Amino acid sequence: MIQSHLRRLVGSHAVAGYGFLLPWLIGFFFLAVGPSLISLYLAFTDFDLLTSPEWVGMANFERILTADAKFMASMRVTFMFVILSVPLKLALALIVAVALNKGLGGLSIYRAIFYLPSLLGASVAIAILWRQLFSGDGLVNMALEPFGIIGPSWISNPNYSLWTLVALSVWQFGAPMIIFLAGLRQIPADLYEAASLDGAGPWRQFRRITVPMITPVIFFNLIIQTIDAFKSFTPSFVISGGTGGPINSTLFYTLYLYQEAFGFFRMGYASALAWILLIIIAVFTALSFLSSRYWVHYDE
Amino acid sequence: MATSVALNSVAKAYGAVSVIENLNLNIEPGEFTVFVGPSGCGKSTLLRMIAGLEPISGGDLVIDGQRMNDVPAAQRGIAMVFQSYALYPHMNVQQNLAFGLETARMPKDVIAQRVQHAADILKIEPLLKRKPKQLSGGQRQRVAIGRAIVREPKIFLFDEPLSNLDAELRVAMRVEIAKLHRDLGNTMIYVTHDQVEAMTMADKIVVLRAGVIEQVGAPLELYNRPRNLFVAGFIGSPKMNFLPDGNGTLGIRPEHVSLSSGVPLGDMRVEVVENLGGQTVVHATAAGGTPFTLLLDGQQRIDVGTSLPVFMDPDHAHRFDAKGERIGGAA
């Protein structure tokens, strides 16, 4: 009796399904949920990797929010980066996608070329290349020299350093572009035909048909790219040599968090920083979803 | 007031593939013209060429005496109702109706007055604030027609506008479009593959096959004097019966047969009987296995599998030569 039950259970689809899910479930619980819960606990301790964690209550959060100048600097840099890079990247992605959607020959080749930086962009190698491009004697200044312009060291000048990171981020417009392209192809051609019969030229068609029709795609890209920008780390780490300099001008939030965790081994403090970032991203995402009902148009 | 349309030696080719060649047609002012034909016959392409949505490869499109080949779609004085309705899904009904007028930078009071007028004609006033996704198929179709009306075009074009509606609604909208034509008096060109729509709505039917006009005429003219086998078979429902007749073909409409008097056609075996209440459709097979349909008045008690003596009315017989062209006259 028990044996036949067991045999039926082992042979059932549910067991097979959970069997296939198991590697992912193990990863999810041991590499995501588990560490997250532990970090939540550590955020309320003074854990320093060497001694056992002592409960400090809200002390870490209090210090971060009231007495940490570097936290404020990193917040300012990160918000500036998000506000500058995300709209520029999405605008460029949309412009290129619209151009590619015009029935250009060799579409797949262009698509691959434009997508390539997205694959390479977050890598250390590209960040190093960026440092070479924008350094005092880098390629950008070499290109400007024939025009009589003696450019500064873009990455060493606090007025420009963040812009080099914004440029690197915008250069990686390939992923949102591919998604925009897929969205543009879903717009029925007869809407444009109806609009052209209504006398709408290309700009009015873009503004009144294309943009509203792809607002779900814009919304998706906005969320993904903003979260990505908040979490951005490698470019700032490599280009500033891990310092966030000059004068904290490239001190991304994640870089500051890294410095606290692995530079000063203040794991409890860094955990509190990580949870603040999570809350910021969650609030942004929630606000985006709340606002979406006013500007995102879903058909059917 | 109403507008004439002329197609002079019009041609359309996609690369080396020619889909319409040397097509000539005159549409009189105020006429309701229906392009009808099977799928792929070029009727929608022709309509889109008139609309300015497809470039014309050869010949002239003349509207009110003016060559229009190179005039942009918006400046041809036409409005089009699409098969898919093509309503802007992110705009409400009012915004859909007003879009073309806003694009033309018309004064706000004129826009409001025209939208209201169209809404009154089509009885869509209560729907003005709704989005297309909140409308039924029939309501969407009305809005699509409304969008054409507000522009006060010289010519209305309809591209299979009823094909997405259910049978009942289709009949209702057919009547509404016919009424609209009567009230507005504009030139209208209507594309359909449904010959019943063509017969019931048209002043003039243009039967197309493979990019060539097979016949142009009033609905009853096409019904009574089809120029060839294709038109004879396409116009009329149920379709005309064809029997071998020497080297040619004898055509007899299902409604022009009798079980008691006329010229005998021989006995036919009954395969299927459809009792429609007012009429009875009998699907039978003639000698040699040729299918033959009879449309009889009233409710007939006919058993499947029996043989029926069938007679035809000689005054309504159609004769076609070996090439399928009409011989002489009938009816």
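The values are calculated or read from the model by the stated rules, or taken from the named source; none is laboratory data. Quantities reported herein were computed from a predicted structural model and do not represent experimental measurements. Cβ placement follows ideal geometry from the backbone for every residue including glycine, while neighbour counts extend to all protein chains displayed.
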For the stretch B:21-45, which positions are part of a helix (DSSP H, G or I) and not basic (Lys, Arg)?
B:44, B:45
Return the residues of the stretch B:78-130 that are within 9 Å of chain A (Cβ to nearest Cβ), among the β-branched types (Val, Ile, Thr) and under 31 Å from the mean Cα position of the chain (by Cα); say none if nothing qualifies.
B:78
Please find, within the stretch B:14-45, the residue that is surrounded by the most Cβ atoms within 10 Å (Cβ to Cβ) out of those that are more than 21 Å from the chain's Cα centre (by Cα) and within 26 Å of residue B:163 (Cβ to Cβ).
B:14
If you go through the stretch A:191-198 one residue at a time, do you hit one that is among the aromatic types (Phe, Trp, Tyr) and either more than 14 Å from every other protein chain (Cβ to nearest Cβ) or closer than 30 Å to residue A:133 by Cβ (or both)?
no
Identify, from the list B:271, B:221, the residue that is free of Cβ contacts under 8 Å to residues at least 12 places away in the same chain and touching a strand residue (DSSP E or B) at 6+ places or on another chain (Cβ under 9 Å).
B:221
Condition check: within 17 Å of residue B:200 (Cβ to Cβ) and crowded, with 22+ Cβ neighbours inside 10 Å. Does residue B:162 satisfy that?
yes
Any chance the stretch A:164-186 includes a residue that's under 30 Å from residue B:99 (Cα atoms) and outside any helix (DSSP H, G or I)?
yes
Hey, any hits in the stretch A:218-227 for a residue that's of a type outside the set (Lys, Arg) and within 14 Å of chain B (Cβ to nearest Cβ)?
yes
Test set (1) touching a strand residue (DSSP E or B) at 6+ places or on another chain (Cβ under 9 Å); (2) within 14 Å of chain A (Cβ to nearest Cβ); (3) free of Cβ contacts under 8 Å to residues at least 24 places away in the same chain - residue B:54 fails condition number
(3)
If we ask which residues in the stretch B:46-72 are surrounded by fewer than 18 Cβ atoms within 10 Å (Cβ to Cβ), part of a loop (DSSP other than H, G, I, E, B) and touching an Asp or Glu at 6+ places or on another chain (Cβ under 7 Å), their number turns out to be 1
Restricting the stretch A:256-300 to residues that are charged (D, E, K, R) and either within 14 Å of chain B (Cβ to nearest Cβ) or assigned to a helix (DSSP H, G or I) (or both), the residue that is surrounded by the fewest Cβ atoms within 10 Å (Cβ to Cβ):
A:300
Which one of these does residue B:75 not meet: (1) at pLDDT below 95; (2) surrounded by 15 or more Cβ atoms within 10 Å (Cβ to Cβ); (3) within 12 Å of another protein chain (Cβ to nearest Cβ)?
(2)
Name the residue, out of B:223, B:190, that is aromatic (Phe, Trp, Tyr) and touching a Gly at 6+ places or on another chain (Cβ under 8 Å).
B:223
